[in-house]
Structure formats: structure tokens, C-alpha cells
1. Check whether at least one residue in segment A:229-237 is under 14 Å from residue A:282 (Cβ atoms) and in contact with a helix residue (DSSP H, G or I) (Cβ under 9 Å, 6 or more places away or on another chain), and report yes or no.
2. Residues of segment A:128-150 being free of Cβ contacts under 8 Å to residues at least 12 places away in the same chain, away from chain B (no Cβ under 14 Å) and in a helix (DSSP H, G or I), which ones?
3. Got a sec? Which of A:265, A:293 is closer than 28 Å to residue A:218 by Cβ, in a strand (DSSP E or B) and either in contact with a helix residue (DSSP H, G or I) (Cβ under 6 Å, 6 or more places away or on another chain) or in the same structural domain as residue A:214 (by TED's automatic domain parsing) (or both)?
4. Take residue A:17 and decide whether it is more than 22 Å from residue B:88 (Cα to Cα), within 14 Å of chain B (Cβ to nearest Cβ) and buried (at least 22 other Cβ atoms within 10 Å of the Cβ).
5. Which helices (runs of 4 or more DSSP H) does segment B:1-81 wholly contain that include 3 or more residues that are within 16 Å of the chain's Cα centre (by Cα)?
6. Within segment B:75-90, can you find the residues that are closer than 14 Å to residue A:81 by Cα and more than 9 Å from chain A (Cβ to nearest Cβ)?
7. Tally up the residues in segment B:82-102 that are part of a helix (DSSP H, G or I), out of contact with any helix residue (DSSP H, G or I) (no Cβ under 6 Å at 6 or more places or on another chain) and over 17 Å from residue B:159 (Cβ atoms), please.
8. All but one of (1) in a helix (DSSP H, G or I); (2) under 22 Å from residue B:55 (Cα atoms); (3) touching a residue at least 24 places away in the same chain (Cβ under 8 Å) hold for residue B:184; state the number of the condition that does not hold.
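The values are calculated or read from the model by the stated rules, or taken from the named source; none is laboratory data. Note that the structure is a prediction, hence the values are computed from the model and not measured. No Cβ is skipped: glycine too gets one built from the backbone with ideal geometry, and neighbour counts run over all protein chains shown.
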């Protein structure tokens with residue numbers, strides 16, 4: 001549904017987005033990750049037809065953004081960064097305006113408004129001026145605007161920014177539900193959001209894509225992925241560390257906490273032997289040593305480790321290669 | 001889908017925006033007060049002893065010079081400052097529809113303010129027997145003049161996020177349009193420049209083209225002049241808006 005090919009945007013001498021290519025199909029929710037200024041917003045603005053690209057192309061539902069911008073815009077719902085609104089308008093007035101520009105009139109318009117007001121829980125503030133609303137309501141009003149024509153493609157620039165945890169949860173649920181029938185791209189800083197709502201994640205750094213895969217695959221790239229967290233009672237930290245470190249499948253052993261008699265260590269597998277069996281091997285080793293094992297836990301890896309290692313200035317070029 | 005519904009939707013929103021904020025009421029009150037003040041004091045409305053609105057219309061180029069940019073200054077600068085421009089231009093509308101819609105809304109607003117000067121028209125009709133054709137021409141001329149100023153304000157407001165800067169730029173450019181044909185200026189020019197040059201400069205002045213309307217003459221050349229100023233300024237607005245986005 002969304003096809004982005006070698007998309008490039010330069011502002012003067014600075015290249016904000018550099019040869020970005022990806023595709024998003026119906027039923028996919030793509031999370032767009034990256035540090036501030038990485039080019040997330042610029043990419044989204046080019047997809048929605050707000051910014052003309054310097055080079056490359058964007059195709060949405062088979063229409064080229066450069067050649068048929070109106071056809072593309074008709075099919076996209078867009079929530080811009082920081083959810084801009086006309087402050088003096090009422091919520092209903094604003095949504096009506098959006099509906100009319102989307103070509104909805106009369107009964108159709110009424111139905112559409114009813115649907116988005118319900119979806120975004122705006123019924124209590126319909127006749128309030130936008131600038132008297134709290135940030136959460138403002139954000140949801142702008143989101144409602146993006147949904148009013150039930151678009152096939154939804155693009156949201158930080159849809160949960162500034163919302164409280166409950167509202168964040170609601171928006172995430174909404175995204176996941178809508179993602180079954182639409183193609184969705186949203187950007188975020190919050191990594192747990194990617195796990196909660198995305199089917200796929202792209203990490204972008206300094207204008208270039210450094211990772212494009214499922215959240216689970218990304219987590220697997222984390223150094224900690226597959227490591228075993230072992231809690232034992234009895235031996236000293238040094239003994240545990242030495243005994244486990246000598247195992248052939250163990251790369252290294254890190255002491256997490258040492259509060260005798262309880263010791264917590266994290267055991268990293270050799271990369272080449274990353275298997276589920278590793279946990280069993282560590283557990284076996286502990287039993288052989290006759291330690292009292294309190295807990296064994298296999299770590300999934302953490303997205304923020306991956307995020308940091310991919311977008312850190314010094315390692316980013318390697319990661320991209 | 002044709003363009004007109006989009007233009008009208010945008011114009012409606014913009015027009016309501018004026019009345020939802022104090023801008024509309026402050027503008028209308030000040031405009032009516034100043035128009036009355038100039039007409040009856042400097043214009044010596046009663047002393048003229050004639051049933052016409054000449055004293056009223058002759059101040060329009062100067063009165064509008066400061067008031068119209070105040071109406072137009074927010075058109076695009078406010079959209080850019082608040083980021084709503086991103087919303088507006090990602091709706092399925094073309095930039096031209098948005099520019100035209102916003103311009104029409106502000107023009108319509110000025111038309112409403114102008115229409116509210118009707119008591120002065122009622123007054124002359126009550127006191128005497130004016131030529132209502134001339135008065136009609138005066139209103140048409142004033143509206144075209146306001147349109148030209150507004151289009152210039154539209155252009156300057158696209159140039160900057162700052163409404164004050166937009167206002168000042170618009171006043172300066174409109175002042176230039178007025179001064180080009182202002183008698184003291186043309187006299188000064190005539191001292192050293194050739195007649196064709198002076199006439200050429202004066203031809204760009206709103207004053208020379210507004211005069212005809214005051215005399216009750218609806219000259220197509222004057223109408224074309226104002227229409228071209230509006231068209232040109234709106235065209236530049238489009239170019240400026242595209243320029244911002246092209247980076």
C-alpha cells in the first residue's frame with residue numbers, strides 16, 4: 001500500500017533523509033524509531049505530500065505522490081507532530097471542517113463524525129473551543145480528524161506524545177485494532193510502544209534506515225538476548241562466576257548483585273550457540289555444583305539496547321553496513 | 001470533485017475564525033469610527049454642501065493602508081506558526097484552493113465591514129439627492145482596493161511566521177502602491193524624470209486607479225489593474241508557500 005523508494009530530502013547542504021526505502025502492506029503497523037532529528041518527521045511529511053522530496057519516490061495505493069497528490073491525500077489520514085489545531089474552533093466545528101474537506105456531506109458526514117467522536121472519546125467536549133482543552137483531548141481531536149474519512153493509510157507522527165499512561169494505552173489499542181485493516185506508520189520515542197502495537201519496526205538514524213524487522217527480531221539483536229539470569233543461594237559470587245565462566249557454551253558471566261547468601265548473575269552464551277538449550281545447560285551446571293537455585297530466567301533482550309547500539313554516533317556506520 | 005466546495009469550506013472556516021476571535025469586532029468598530037471621523041472632520045462632509053460620499057471614499061486608500069494588513073497579516077503566518085498549515089495542505093486540496101479560500105474569506109470580511117458603513121449612505125440620501133451610481137462605483141472601487149491590499153498582505157504573511165513582520169511588510173508595500181501616484185511624489189519625480197517615467201510610475205499606483213471610481217467611472221482598465229495586483233500577489237503567495245516546503 002505504501003511504497004517508499006530511495007526517498008531523499010535535502011535542506012540546503014544538510015541531508016535530512018538519505019535514500020530511505022521500505023514498504024508497508026495492509027494489515028501492517030510500522031513503528032518508526034529514531035533519535036530526535038533523525039528524519040522521521042521529514043519522511044512522514046514526504047509520504048503525506050506536504051514536503052516534496054529532493055529525490056526518490058513515494059507511491060500510496062498505486063498513486064505517485066508527485067504525480068497525483070490529491071489521490072494520495074484522499075487515501076491518507078495524517079496526524080502531524082504535536083497535533084496542530086485551529087485554537088478558536090470548537091471540536092465539532094473542526095471535525096466538520098475536516099469532514100467537508102474530505103468530501104463528506106449531509107448524512108455521510110454526520111455518520112463519520114459520530115464514528116470518530118466515539119472512537120476517540122470526544123463526546124464530552126464537542127462544543128468546547130480547542131484552546132480550552134487539555135493536551136490529551138487536543139491530541140485526540142487531531143487524531144479524530146485523521147480518521148474521519150476512514151482512510152486506508154494512516155500516518156501518525158508521535159501519536160502518544162504528551163498523553164497520560166491511560167490515554168497512551170487507549171491510543172495503542174486503537175492503533176492495533178485499526179492496523180488489522182489499514183496500513184499504518186507511526187513514529188515514537190517510546191520503545192515499549194513498538195512492542196505493544198507494531199508488527200514491524202524501522203530504526204532510522206541520521207536520515208538512513210539502520211534496521212527494519214519485527215520487534216522480536218530486533219530484540220534478539222540485543223546483547224542480552226538469550227542471556228540467562230540466575231539467582232542462587234549459598235556460594236560466593238566469585239565461585240559462581242568462575243564455575244559458570246569455565247563452561248564451554250558460556251561467553252562470560254556478569255555479577256548482577258552480590259548480597260550473601262544470595263547471588264544473582266547474568267550468563268551470556270557464545271553467540272554461535274544461541275539456543276533455547278542454553279538455559280537448561282546453565283541450570284544443569286548450577287545443579288551439578290549443588291547450589292540452591294532460586295530462579296532461572298531467559299532474557300528476551302531489550303529494544304533500548306538495540307536502539308542505542310544502532311543509533312549511537314560511533315557505532316551507527318557499522319550497524320548500517 | 002470540483003474545486004469550489006473546497007474553496008468555500010476553507011473560506012467559511014477562515015471567516016468564522018475572524019468572528020470567533022475579537023479581531024472582527026475590534027476591526028469593525030475601529031474602521032467605522034475612523035471612517036466617520038475622517039469623513040466628517042478632515043473630509044468636511046457637511047461644509048461641502050453636496051450630496052455625495054466623495055469625502056468618505058477619498059480616505060479609503062489611507063484608512064485601508066493600516067487596517068487591511070491587520071486583517072490579512074494572520075492568514076498564513078498564523079498557519080505556519082501553529083503548524084496547522086501541515087494539516088491544511090495534507091487535506092485533499094490544492095495549494096491554490098487554500099490560498100483562494102483564505103483570501104476570499106478575508107475579502108468577504110472587509111466587504112462586511114464596508115457594508116456596515118450603510119448609515120452614511122442612508123444619511124446622504126436622506127439629506128439630499130446623491131447620484132447613487134457614483135456611490136456604487138465608490139463601493140466597488142473600495143472593495144477592489146481592499147482586495148489589492150489584502151492580496152499583498154496575504155503574500156507578506158506567507159513570507160514569515162511573525163504577524164508583526166507580516167503587517168509591517170504589507171503596510172510598506174501598500175504604501176509604495178499608494179505613493180507612486182500621490183501628487184507630492186509625482187511632482188517631485190517630475191522635476192528630474194521624463195514625463196513617460198512619471199506616468200509609468202503613477203500607473204502602478206492604486207490612487208490613480210481609484211480616482212476613476214470616485215468619479216463614478218467603472219473603467220475596465222482600473223478593474224483589470226486591481227485584478228492583476230490581486231492575481232500577482234496571490235501567485236507569489238503560492239510560490240512562497242511552495243518555496244518553504246521545497247527546502
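1. Taking segment A:229-237 first, the residues under 14 Å from residue A:282 (Cβ atoms) are A:229-232.
Narrowing the set further to residues that are in contact with a helix residue (DSSP H, G or I) (Cβ under 9 Å, 6 or more places away or on another chain) leaves A:230, A:232.
Taking every residue of segment A:229-237 in turn, at least one turns out to be under 14 Å from residue A:282 (Cβ atoms) and in contact with a helix residue (DSSP H, G or I) (Cβ under 9 Å, 6 or more places away or on another chain).
2. In the first step, residues of segment A:128-150 are kept if they are free of Cβ contacts under 8 Å to residues at least 12 places away in the same chain; the result is A:132, A:134.
Now drop any that are not away from chain B (no Cβ under 14 Å), which leaves A:134.
Result: no residue meets the conditions.
3. From the options A:265, A:293, the qualifying one is A:265.
4. yes
5. Numbers: elements: B:3-20, B:23-37, B:54-57, B:60-72.
Where helices (runs of 4 or more DSSP H) fall fully within segment B:1-81 and carry at least 3 residues being within 16 Å of the chain's Cα centre (by Cα), they are B:23-37, B:60-72.
6. If the condition is that a residue be closer than 14 Å to residue A:81 by Cα and more than 9 Å from chain A (Cβ to nearest Cβ), then B:80, B:81 are the ones that fit.
7. 4
8. The failed condition is (3).
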